[in-house]
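Just below is one structure, and these are the notes that go with it.
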Amino acid sequence: MPVNFICLVLLSIYSLANCYCSDKTNNTASDNSTTDFDEQNVNNKKVKTIENIKTSNIDDETNTNANQVATDNTEQESVNVSDVTVYTETNYQGTSKTLKPRGYLISDIGKFKSIKIPSDYEILLSDREDYESNNNLSYSQDVDTIDTTKYRYIYVAKLDTSSVSGIAIHDEYNKDTHEYVGSGITSLKLLDPSVEKITIDNCPQFTGLGNITQYKNLQFIRYNATSGTSEDVFQKDINSIFEFLDKTAWLKDIELVGEHREFSIARNGKFLGVNIKSLSSIPNDATEIYLIDCNEIKDINALSKNTSLRKLFMYGTTLASATSTEWKTVLSIVDNLGISGSLTHVQLPVTYTGEIPKSQRPNVRKIEYYGALGATKIAFESFEYSQKLKEVYFPNVKTIDTWGFHRCTNLTKVDMPQCETISQKAFYCDENLQEVHFKNVKKIGDKSFYQCKRLALVDVPNVVEIGISAFEADAALKRFGDLDKIEKDNIFFVPKLTKIGDYAFKMTDASGQTKIEEAEMPECLSIGKESFSRWRSLKKLILQNCKTIGAEAFYDPYNLRELSLPVVEIIETRAFVYNKGESLNGTLDLPKVKSIGSCAFGGSNYAHPNISVVNAPECTSLANDAFRGNTNLKTITSNTANKILVMQQAKLRL
């Protein structure tokens, strides 16, 4: 038989087989799981994106180890997602959720620049396939931020939103507040590394917190151990909390719901007690003491003997039965240990609802962190000259009295979410203060933060009134106002502010550190004189309801580009003096203004505003030199008759 004929037959058979395999592969991909890819061009680099994952009801037993393959038609880069293992409810133990009906383990994700997964899938990242024994797992809902250079595997599991024992599963992580809430779950899944608060509530089948030491930012734990959670599981979780305290940091608050028998752990110079009745079991050389719900302690004086104590944290209902006299003893011991001992960190429980008194010798006290979960007031000169103090947390304080934190030169962070009133000079000359959180404050007194030069983040979303020189300094402001709504640096947004006192944000040096570029105060009615003097980085100013702008309020706004004053009525002397005005496109609209003071929009030898048209139809009082230096000014619409006046430069002293 001729060789050519044989070759032709073999070639025909090969072609038919190839077509059959191709058709079979297409049918399989259609009937079973498929993964679709889109190719994007991002920064001139090819990006592969998993757009969708579809599942089917193929029998779990026969497909437990099946591999699903998705292919890409592009010739560059092999993008076959091989090594895709199908997991079922019986062999997957990675989270509290069951699979519905299966999940996928995708290996070598580093070949993709980004990976997009449907929102109803859970995502676990790992640096090796054996994710169950891997301590380097992490969890993410926002998969656009996956670091594919760090992780080799991504496990994608379909979530089941059904109920467990009649309890609806609630499993949510809030990226804005960094809070995780789990209800009805059986175990704690891997969380976002930035988590700050964990709440476990109504979980009768809960099997434990597991390893939480990996969450370096964790500050709060609320743990509901009622409704069937065993004492063994509870004690195991107390050990998990102890491990966190031992290896990572302190917790600002631990709330345990339910009653439990007396339980304690002592190791490595640290002691943690739950519901203990006496301090006698605490080693004399303990350097850290954590007390949770220790309601009936009577021998509190025993603490005074422990001069090596560095951290004392009391949570929950600890000392709930203490009298006012006993609380004075506690506060005195804390003060003395900070002065003559080694105490650097202290937190009082929610059961103390009084004020924080003045220290005997604050200038030598070693306390760096002070918290009080139930205290309602910071007394007059309470922390004045506390030079070691770095951070404070008072979640229930309503009022800070005068000089409360005066000249705490190392204080960097303040958190008082319920504080409503900050008295005058409360943080006067705290030169290293960088971050303050006053979510509920309404009034900030005169010179409260005077000369706080390093202040960068100010969280005051509900402030209504800011007093004279309250923030006067060459400060390094980056974000001011409602920080939850400010998404980038150099923004000033205070939605409820109605009144700003004189010199409130004045910078004494034109080369100061404030870099605020945009300012918006939608409810502000009046701005005092020199309030924002020398804010030379300001480019955009929106005052929707402001009626009065004081003298030199925005003195030297050298880079102002956009100005909105729809209802302003009075603009006083030199309010915007030296404004370049280049972005106003030659037109300044002041539809409701009645009075414009001397040199209000004037220039100088080095700043030449180029306003050409001023629309002020209701203006009845216009200073002759209101627009001095505006060499391009041609038209002003003014006075009650809307008469158009063509102004001579000599008359306007241009």
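The values are calculated or read from the model by the stated rules, or taken from the named source; none is laboratory data. For clarity, every value in this text was computed on a predicted model and none was experimentally measured. We place every Cβ from the backbone using ideal geometry, glycine too, and count neighbours over all the protein chains shown. The accessibility values were calculated without ligands, DNA or RNA, using every heavy atom of the protein model including side chains. Shrake-Rupley method; radii C 1.70, N 1.55, O 1.52, S 1.80 Å.
Filtering the stretch 527-546 to residues that are closer than 22 Å to Gly602 by Cβ and open to solvent by 20 Å² or more (accessible area, probe 1.4 Å) leaves Lys529, Glu530, Arg534, Arg536, Ser537, Lys539, Lys540. Out of everything in the stretch 205-219 that is surrounded by 16 or more Cβ atoms within 10 Å (Cβ to Cβ), of a type outside the set (Val, Ile, Thr) and on the phi < 0 side of the Ramachandran plot, what residue ends up being modelled with the lowest pLDDT? Among residues in the stretch 205-219 that are surrounded by 16 or more Cβ atoms within 10 Å (Cβ to Cβ), of a type outside the set (Val, Ile, Thr) and on the phi < 0 side of the Ramachandran plot, the one modelled with the lowest pLDDT is Gln205. Does the stretch 512-520 include one or more residues that are touching a Leu at 6+ places or on another chain (Cβ under 9 Å), part of a loop (DSSP other than H, G, I, E, B) and more than 19 Å from Arg561 (Cβ to Cβ)? So far as the stretch 512-520 goes, yes, one or more of its residues are touching a Leu at 6+ places or on another chain (Cβ under 9 Å), part of a loop (DSSP other than H, G, I, E, B) and more than 19 Å from Arg561 (Cβ to Cβ). Scan the stretch 546-561 and give yes if some residue there is among the basic types (Lys, Arg), within 23 Å of Lys515 (Cα to Cα), at pLDDT 90 or above and in a loop (DSSP other than H, G, I, E, B), otherwise no. Looking for residues that are among the basic types (Lys, Arg), within 23 Å of Lys515 (Cα to Cα), at pLDDT 90 or above and in a loop (DSSP other than H, G, I, E, B), one finds none in the stretch 546-561, hence no. The set of residues from the stretch 363-395 being in contact with a strand residue (DSSP E or B) (Cβ under 8 Å, 6 or more places away or on another chain) and open to solvent by 50 Å² or more (accessible area, probe 1.4 Å) comprises Glu368, Thr376, Lys377, Lys390. Restricting Leu411, Leu389 to those that are within 22 Å of the chain's Cα centre (by Cα) and in a loop (DSSP other than H, G, I, E, B) reduces the list to Leu411.
Given the structure, is Ile378 within 20 Å of Glu420 (Cβ to Cβ), aliphatic (A, V, I, L, M) and in contact (Cβ under 8 Å) with a residue 12 or more places away in the chain? It is true that Ile378 is within 20 Å of Glu420 (Cβ to Cβ), aliphatic (A, V, I, L, M) and in contact (Cβ under 8 Å) with a residue 12 or more places away in the chain.
Number of residues in the stretch 442-477 that are closer than 20 Å to Asn410 by Cα and not in a strand (DSSP E or B) equals 18.
When the residues of the stretch 578-606 are narrowed to those that are over 18 Å from Thr637 (Cβ atoms) and modelled with pLDDT of 75 or more, which ends up nearest to the chain's Cα centre (by Cα)? Step by step, filter the stretch 578-606, then rank; the result is Tyr578. Check whether at least one residue in the stretch 407-425 is without any contact (Cβ under 8 Å) to a residue 40 or more places away in the chain, at positive phi and either out of contact with any Leu (no Cβ under 7 Å at 6 or more places or on another chain) or aromatic (Phe, Trp, Tyr) (or both), and report yes or no. The answer is yes; a qualifying residue exists.
Name the single residue that is surrounded by the fewest Cβ atoms within 10 Å (Cβ to Cβ) among those in the stretch 307-333 being free of Cβ contacts under 8 Å to residues at least 24 places away in the same chain and in a helix (DSSP H, G or I).
Initial filter on the stretch 307-333 (free of Cβ contacts under 8 Å to residues at least 24 places away in the same chain): 323, 325, 328, 332.
Checking the rest, the ones that are also in a helix (DSSP H, G or I) come to 325, 328, 332.
Numbers: Thr325: 7, Lys328: 13, Ser332: 13.
The selected residue is Thr325.
Within the stretch 255-287, if we keep just the residues that are basic (Lys, Arg) and part of a loop (DSSP other than H, G, I, E, B), the residue that is surrounded by the most Cβ atoms within 10 Å (Cβ to Cβ) turns out to be Lys277.
Under the condition of being under 18 Å from Lys388 (Cβ atoms), out of contact with any Cys (no Cβ under 8 Å at 6 or more places or on another chain) and assigned to a loop (DSSP other than H, G, I, E, B), the residues counted in the stretch 414-427 number 0.
Ala470: surrounded by 23 or more Cβ atoms within 10 Å (Cβ to Cβ) and farther than 18 Å from Ile356 by Cβ, yes or no?
yes
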